[in-house]
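The values are calculated or read from the model by the stated rules, or taken from the named source; none is laboratory data. Please read these numbers as outputs of a predicted model, since none were measured by experiment. Positions of Cβ are generated from backbone atoms using ideal geometry, with glycine treated the same way; all protein chains shown enter the neighbour counts. Surface accessibility is based on the protein's heavy atoms, side chains included, excluding ligands, DNA and RNA. Shrake-Rupley method; radii C 1.70, N 1.55, O 1.52, S 1.80 Å.
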Amino acid sequence: MFGQWRSVAKEAVDRALIMAEFCCFLHVIPNYLCSSTIVHGPSMLPTLNLTGDVVIAEHVSHRLGKISRGDLVLVCSPQNPRKIVTKRVVGMEGDTVSFFLDPNFGDRYRTAVVPKGHVWIQGDNVYASNDSRYFGPVPYGLIQGKVFFRVWPPDSFGPLGKD
Amino acid sequence: MFGQWRSVAKEAVDRALIMAEFCCFLHVIPNYLCSSTIVHGPSMLPTLNLTGDVVIAEHVSHRLGKISRGDLVLVCSPQNPRKIVTKRVVGMEGDTVSFFLDPNFGDRYRTAVVPKGHVWIQGDNVYASNDSRYFGPVPYGLIQGKVFFRMFFAIDVQRQKMKLDSQFQFLFPSEGSQTISFGDDFG
């Protein structure tokens, strides 16, 4: 009888291990290859809608260093580490970026040089976007992925890229 | 014969899938639970040795927000995204940190407030550490893990000590360290 328990326990451990492996597989694919995300908010109008779009993001390019100006990226917010935001890369390291201090009125603008290892991200809707103009350049290591396709809403189905 | 090819192909795909799942398992464990790393460099003396220590790091705490002052953390360097450095968390968000502008001489110091969502990291060896005193506070999202255990001490430090000049003696830790020699042809 003891032998029966041992074989049942051994089979249970084997099956649990297979389940754990499969869960790891299910986790690695979205995090290292391709995942779908819901993005919402006004900061990327008119590219992305206010009430929510379903986009496909790939997580390969940023690990290979293939992010460049004009890419839509998912970035871990420097102000809240649990939040991931979607912005456009406007400047890479070494670039000089200029932005209006207040886009609503006035012509005063500021210029900044993006330091080594950082990127400058901005939302397409400069009137309602909390981005590098407020929290400064973002370390490249915070980039989580690159958005390249939109799935929902169906009338906007299609690739997303540099403008 | 075609049916034989199909069954062979199906079995090949099944086995490849099982191998892929196992590789994912092997990858997730070090990245999400516990991993071992070799750390080297002078910036964390006397805590960590110059020539290399094998340390165990866990990757759970930073995801739960349980990093606090005094923790040894692995951080993605803000200057080079491919490099991971080991430093100590000296200040959390909202803290006020003070540091000497030049620790070798002078009393001039600067004070900084750590902004929201950031941490202030410093190496224990303030004379030879490139840390938040130079590149500013680091976003919390760059923390990769927390170091909590050391396995080996000072890999072959005695051999390295003999090769350097006597003026470097003060950099090395006290006599309490053990040495593990990896062979005669080291360095």
Of all alpha-carbon pairs in the protein assembly as shown, indicate the percentage at a distance above 26 angstrom. 63 percent
Exercise: per-residue mean of other protein chain Cβ atoms within 10 Å, A:74-84: 5
Per residue, how much space in cubic angstrom lies within the convex hull of the C-alpha atoms of region A:47-163? 111 Å³
Counting sequence-distant residues (5 or more places) and residues on other chains, those with an amide H built under 5 Å from that of A:Asp95 are A:Val114
FRET efficiency, 1/(1 + (r/R0)^6) with R0 45 Å, evaluated for A:Asp95 and B:Ala9 via beta carbons: 0.35
Search the structure for amide H atoms under 5 Å from the amide H of B:Ile67, placed 1.01 Å from N in the peptide plane, and list their residues when 5 or more places away or on another chain. none
Would you check the accessible area of A:Ile84, probe 1.4 Å, heavy atoms only, in square angstrom rounded to 10? 100 Å²
So how much accessible surface do B and A hide from each other in total, probe 1.4 Å, in square angstrom to the nearest 100? 2000 Å²
Residue-wise, which Karplus ³J(HN,Hα) couplings in Hz belong to region B:11-22, taking 6.51 cos²θ - 1.76 cosθ + 1.60, θ = phi - 60°, and x for glycine or proline? 5, 4, 5, 4, 5, 5, 5, 5, 4, 4, 4, 5
Which of these, A:Ala16, A:Ala57, A:Ala128, has the largest mean-square fluctuation under a Gaussian network model of chain A (Cα springs below 10 Å)? A:Ala16
Computed ³J(HN,Hα) along region B:114-126: with the Karplus parameters 6.51/-1.76/1.60, θ = phi - 60°, integer Hz and x for glycine or proline, the list is 7, x, 5, x, 10, 10, 10, 10, 9, x, 5, 9, 5
Per-residue Cβ counts within 10 Å, from other chains only, averaged over B:138-145: what number is that? 6
Accessible area per residue in Å² at 1.4 Å probe, computed on the protein assembly as shown: 59 Å²
In sequence order, calculated HN-Hα J values of region B:45-58 (Karplus, 6.51, -1.76, 1.60; Hz; x Gly/Pro): 5, x, 5, 10, 7, 5, 8, x, 10, 9, 10, 9, 10, 10
